[in-house]
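Reading through the structure tokens given below for one structure.
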């Protein structure tokens, strides 16, 4: 990556507001904010494919249930306290504490304990082998490392008093308006010439739900970078002062329906299938995403993942079949229900289109919209709605992530908080415990077939790409590859 120059301030316009700055209890809205403040124990390469060094400079897998991490020395948290093995132990213990209900708890469930060998060495002792653990530890979202001193000082209020080791420190947070972060002068990462990162002195992240205002800010230069709706993408690509950078193909599930299979009427698998098979996602692909999204053929695994497979029997648009499922579910004339959608413009639009499609087979749907964090709580924690219409940004080349956090009975994103089928949790555990890639791929195909095709719990409808839009004076934008503006420390202004 080219060496940049230090200095300058950037303004980033997002469509999502931040709900919490606690990296152990994040929702989908929080990623771009938290990555500026925290680091994870393990890193990932630029394309998020292979574990690489992070706060740990190396690790040794002595046997399938013992991993010893050698930590970087001399790193300090933003409060001046040292990062060390005790800090790693405190953070992992906190994530695994059932009282916290951490987003990543199921991801780290194989860990029995963390042993402090010395200040720079932490030994992880596992209950069972876990081929996915390094990837789980490579995510700031869910596993960012927080200052133990700050945790003791602030408790639950760490959500608004973040203290990490990340490239920026929190300067100001005005909920609903802006988050301002400033350069961490003691940050440990360097560029290829040994110059300190980050290059930028300050970044202001502003949540602007209105896509027209967001794009206007980028056009005028009021914003330096941001997320633009696909309705404006053609204009952004033609704009002489803007640069559009595309993320990994299929890295975003633009449209998804998720059922609470413990809540009537979606506790009936045939009625779930009736709703899924009555949707023609190509209509949304054309009218909402302007032909920049493709109809999903698999599950929630990035298509460039080694574990990606298509699912032959997954829901596809077929009105006659949808009506058959209605009859099989005991509701031949349809039924009434309420669904929740989060309030991003594209999600609202696509849900309204699906609402009309459902109406054609007799399913009368009332749509309630809420901002992202509220809708996540309403559906997954409070179980207020039987169906959630959304987009899903959590796809990964590592196939274990979504099944673990969403489809296991104790997964944060399992709305029913019970097993989907008697055998599914065992299959997910088995897939994490084997290191044989061919065997893992087959297991994940079985898992996805159960969840998407047979039980119709979580149905991705459209896949697309992240798009980052930058003013042309912003350099090193290739760090956007997977999306979400997570590595702003690499950016500089020419």
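FYI, it's all coordinate maths here, none of it is from the lab. The structure presented is a predicted model; accordingly, all values stated were derived computationally and were not measured. Because the Cβ atoms are built from the backbone with ideal geometry, glycine has one as well, and the counts that use them run over all protein chains shown.
Scaled to the globular estimate 2.2 N^0.38 Å, the Cα spread of segment 143-255, given as radius of gyration, is 1.33. In whole Å, what is the distance between the alpha-carbon centres of segment 204-274 and segment 6-81? Result: 24 Å between the Cα centres.
The length gained on full extension between residue 473 and residue 333, counted as 0.36 nm times the residue separation minus their Cα-Cα distance, comes to 44.5 nm. Label-to-label distance, residue 246 versus residue 119, with points set 7 angstrom from Cα along the beta-carbon direction: 5.0 nm.
When only Cα pairs under 8 Å and 6 or more residues apart are kept, what is the percent relative contact order across segment 19-161?
Reported relative contact order: 33 percent.
With neighbour counts taken as other beta-carbon atoms within 10 Å, the residues 233, 1, 225 rank, fewest first, as 1, 233, 225. Starting from the Cα gyration tensor of segment 324-369, take the square roots of the eigenvalues, sort them a ≥ b ≥ c, and report rounded, prolate or oblate (rounded when a/c is under 1.5, otherwise prolate if a/b is larger than b/c, else oblate). Here segment 324-369 falls in the prolate category. To the nearest ten degrees, helix 437-448 and the longest principal axis of the Cα atoms of the chain are 50 degrees apart. For mean projected area of the Cα convex hull in nm², the value computed from the atomic coordinates appears in the list [x] 25.4; [y] 42.5; [z] 21.3 under label [z].
Residue separation of residue 381 and residue 312 scaled by 0.36 nm, minus their Cα-Cα distance, works out to 21.6 nm of gained length. Look at the alpha carbon pairs under 8 Å that are at least 6 residues apart: their mean separation over the length of the chain gives a relative contact order of 21 percent.
Packing-wise, with mean Cβ within 10 Å as the measure, how do 409-415, 320-326 rank, highest first?
Answer by packing, highest mean first, reads 409-415, 320-326.
How high is the relative contact order of segment 187-301, given as a whole-number percent (alpha carbon pairs under 8 Å, six or more residues apart)? Each step should come with its number before you reach the end.
Values: 60 pairs, mean separation 17.0, N = 115.
15 percent.
Inter-part distance, segment 103-149 to segment 432-462, computed on C-alpha centroids, equals 24 Å. Relative to the longest principal axis of the Cα atoms of the chain, the long axis of helix 211-220 makes an angle of roughly 40 degrees.
Model label sites at residue 304 and residue 6, defined 7 Å from Cα along the beta-carbon direction, differ in position by 3.3 nm. Given axes a ≥ b ≥ c from the Cα gyration tensor, I'd like to know whether segment 19-161 is rounded (a/c under 1.5), prolate (a/b larger than b/c) or oblate. The shape class here is rounded. As a proxy for reagent exposure, 17, 291 were ordered by neighbouring Cβ count within 10 angstrom, fewest first; the result is 291, 17. Over segment 275-327, the ratio between the Cα radius of gyration and 2.2 N^0.38 Å evaluates to 1.31.
Angle of helix 424-433 to the longest C-alpha principal axis of the chain, folded into 0 to 90 degrees and rounded to 10: 30°.
Going from the fewest other Cβ atoms within 10 Å to the most, the residues 492, 154 appear in the order 154, 492. The helix-based estimate of mean residue ellipticity at 222 nm for the chain, built from -39,500 (n - 2.57) per DSSP H run of four or more residues and divided by its residue count, is -6500 deg cm²/dmol to the nearest 500.
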